[in-house]
Amino acid sequence: MDGKLTLDEIARLLYRNEINFSISCFWDGGFDVTLGDAINGFKAKENFDTLPECTAWLEVSARKFYPKAF
């Protein structure tokens with residue numbers, strides 16, 4: 001898979017490869033996106049104003065930390 005993926009495509013790909021991630025929001029705090037989890041550790045965390053920014057970051061970060069999944 002090359003190129004820009006949709007959030008749905010990224011989510012399915014990560015899920016299928018058993019890679020944990022999350023996206024959460026609080027109405028005026030933007031979107032928090034994480035790669036990893038609290039039990040096994042986080043590979044990366046970030047906060048963005050828009051969901052498209054989260055999507056792009058999640059794809060880049062997942063490719064960086066889990067290149068075999070792509």
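The values are calculated or read from the model by the stated rules, or taken from the named source; none is laboratory data. In this text, all values refer to a predicted model and were calculated from it rather than measured experimentally. Methodologically, a virtual Cβ is constructed for each residue, glycine included, from the backbone with ideal geometry; neighbour enumeration extends over all protein chains shown.
Values for this structure:
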read-out: Residues being touching a residue at least 24 places away in the same chain (Cβ under 8 Å), aromatic (Phe, Trp, Tyr) and either over 15 Å from Asp8 (Cα atoms) or assigned to a helix (DSSP H, G or I) (or both) - total across region 37-70; value: 3
read-out: Filtered residue count, region 12-31, keeping only those that are surrounded by 11 or more Cβ atoms within 10 Å (Cβ to Cβ), over 10 Å from the mean Cα position of the chain (by Cα) and either at pLDDT below 95 or not polar (S, T, N, Q) (or both); value: 6
read-out: Conditions (1) in a loop (DSSP other than H, G, I, E, B); (2) surrounded by fewer than 17 Cβ atoms within 10 Å (Cβ to Cβ): number failed by Glu9; value: (1)
